[in-house]
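One structure is given below, encoded as structure tokens.
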Amino acid sequence: MKAVHALGFIGFTAFSVRGQAALYAQCEWLGWTGATTCDNGADCNYKNDYYSQCLPASATTNTASTCGASRPASAGKLKYAGVNIAGFDFGTDTNGDGSASSAYPPLPQYYGADGPAQMAHFVKDDKFNIFRLPVSWQFLTDNVGTGTLNQAYFAEYDTLVQACLATGASCVIDIHNYARWYGAIIGQGGPSNEVFASLWNSLASHYASESRIVFGIMNEPHDLPNITLWAQTVQAAVTAIRNAGATTQMILLPCDNYSSAETLVSDGSAEALSVVTNPDGSHTNLVFDVHKYLDYDSSGTSDTCVTNNIAEAWEPLSQWLRCNGRQALNTETGGGNTASCEEYMCQQIQYMAENSDVILGYVGWSAGNFASTYVLSETPSENGGTWIDQPLVKSCMAPSVNNLVA
Ligand SMILES: *[C@@H]1O[C@H](CO)[C@@H](O)[C@H](O)[C@H]1NC(C)=O
Ligand SMILES: *[C@@H]1O[C@H](CO)[C@@H](O)[C@H](O)[C@H]1NC(C)=O
């Protein structure tokens, strides 16, 4: 199936043995002599005289959603595409455990990978324009449950942030703590909302004048006892960021269930977080933070992809966002460097671009300090000044290849 992607997502060769076009394959065009019907009950959906595509029957009937808002007729371009540059988060687990000493800065002066050079390559050669820079709360405060930054450790993290800004890209500050501090949930038995807000006040004060800084309030909250209380925690952080002088930058609102794009609406996160506002009462640049992997259990731990997430996640989420006048950014997605992941990832990105009025973009997991042998590695290798990307980046995720990012 690799050849399909080399031809720019148009499935000239994507036919099933039954002679019907496969889901998301091309099914008809002017002068087309191939299959004109789709298998598995999909509909051949006319786009223009040169291109029709097999889409799920539900997608063709539901483009006008229940609220009456339709997605734009012409496929748009995504605003953002990028890569996570991991390392400052290393040692943090889903329980919010971790320690400053287990972080592994993706900076050569700390014996890590050359994150700055990776980002420069990703911008120059692949046309990526956003990086997410995960860091643990423990690292920023040297294991103290406070909002006061440890200046020495923060200077290390800021080195990576400044290298990101120097590429011209947008840079997401991501607190990678799963809504927790050593097992206790922020605002629900763990650190108070005031303490968490003071952490964000410290960070936002530092970056208040940087328009390309994005504030990622929290990575992957999960098993929250009370989503209404979590929304209050998020509100405290948003208010702290805005009051620190970062009045216009994008802020990412983190939902329950590991920020699953599939359950943002159904688990009540979307409704609960909808009440979070800027101090002026608006929702301007308050964007839902969603994640989605493509393996069998959505965990991003297998190198085999089994879904493009369209029917179960992106289609219903897009409709909800459109109906409610909101937007989302997919800050973690990825797959193995395998044929199945190349196929499904390309389809996922294509669909997100078709819904770019409400889905702003995607950030792949992960480069930085991950080895090239890591199952979801997007870490490029460098040889004599020439960079070589991982297969999934090269075939699908790089904007220079998919041409789906503005
Ligand atoms: C969640 O917290 C809110 C605010 O304190 C409260 O009104 C509500 O009953 C709680 N919900 C649950 C399920 O405990
Ligand atoms: C969380 O989301 C995944 C898909 O991303 C889904 O399979 C799972 O059932 C969800 N869990 C809960 C508790 O909603």
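The values are calculated or read from the model by the stated rules, or taken from the named source; none is laboratory data. If you're wondering where the values come from, they're calculated on a predicted model, not measured in any experiment. Virtual Cβ from ideal backbone geometry, glycine too; neighbours counted across all protein chains shown. Surface areas here come from the heavy atoms of the whole protein model, side chains and all, with no ligands, DNA or RNA. Shrake-Rupley method; radii C 1.70, N 1.55, O 1.52, S 1.80 Å.
Relative protection proxy for 222-231, 288-297, 261-270, from highest mean packing down: 288-297, 261-270, 222-231 (other beta-carbon atoms within 10 angstrom).
Surface composition of region 194-309: carbon plus sulfur atoms contribute 49% of the solvent-accessible area (1.4 Å probe, protein chains only, all chains present).
The HN-Hα couplings worked out from phi for region 264-270 by the Karplus form 6.51 cos²θ - 1.76 cosθ + 1.60 (θ = phi - 60°) are 3, 7, 5, 8, x, 5, 4 Hz, whole numbers, x standing for Gly and Pro.
Residue ranges 274-283, 239-248 sort as 239-248, 274-283 when ordered by packing (mean number of other C-beta atoms within 10 Å per residue, highest first). Can you compute the label reach from residue 285? Point 7 Å from Cα along the Cβ direction, backbone N cut-off under 20 Å, restricted to region 345-365. Of the residues in region 345-365, 357-363 have backbone N under 20 Å from the label point off residue 285.
Computing FRET efficiency as 1/(1 + (r/R0)^6) for residue 228 and residue 277, where r is the C-beta to C-beta distance and R0 is 22 Å, gives about 0.90.
At a probe radius of 1.4 angstrom, the accessible area of region 80-402 per residue rounds to 32 square angstrom.
Computed extension length for residue 144-residue 339: 65.7 nm, one decimal, from 0.36 nm per residue of separation with the Cα-Cα distance subtracted. Residue-wise HN-Hα couplings along region 340-346, as the Karplus relation 6.51 cos²θ - 1.76 cosθ + 1.60 with θ = phi - 60° gives them from phi, are 5, 6, 4, 4, 6, 5, 4 Hz; Gly and Pro carry x. If the segment from residue 400 to residue 166 were pulled out straight at 0.36 nm per residue, it would be longer than the present Cα-Cα gap by 82.2 nm. Separation of region 201-223 from region 139-192 is 9 Å, based on Cα centroids. Between residue 382 and residue 111, the contour length at 0.36 nm per residue exceeds the alpha carbon distance by 95.9 nm. The mean sequence separation of alpha-carbon pairs under 8 Å and at least six residues apart, normalised by the residue count of region 258-334, gives a relative contact order of 38 percent.
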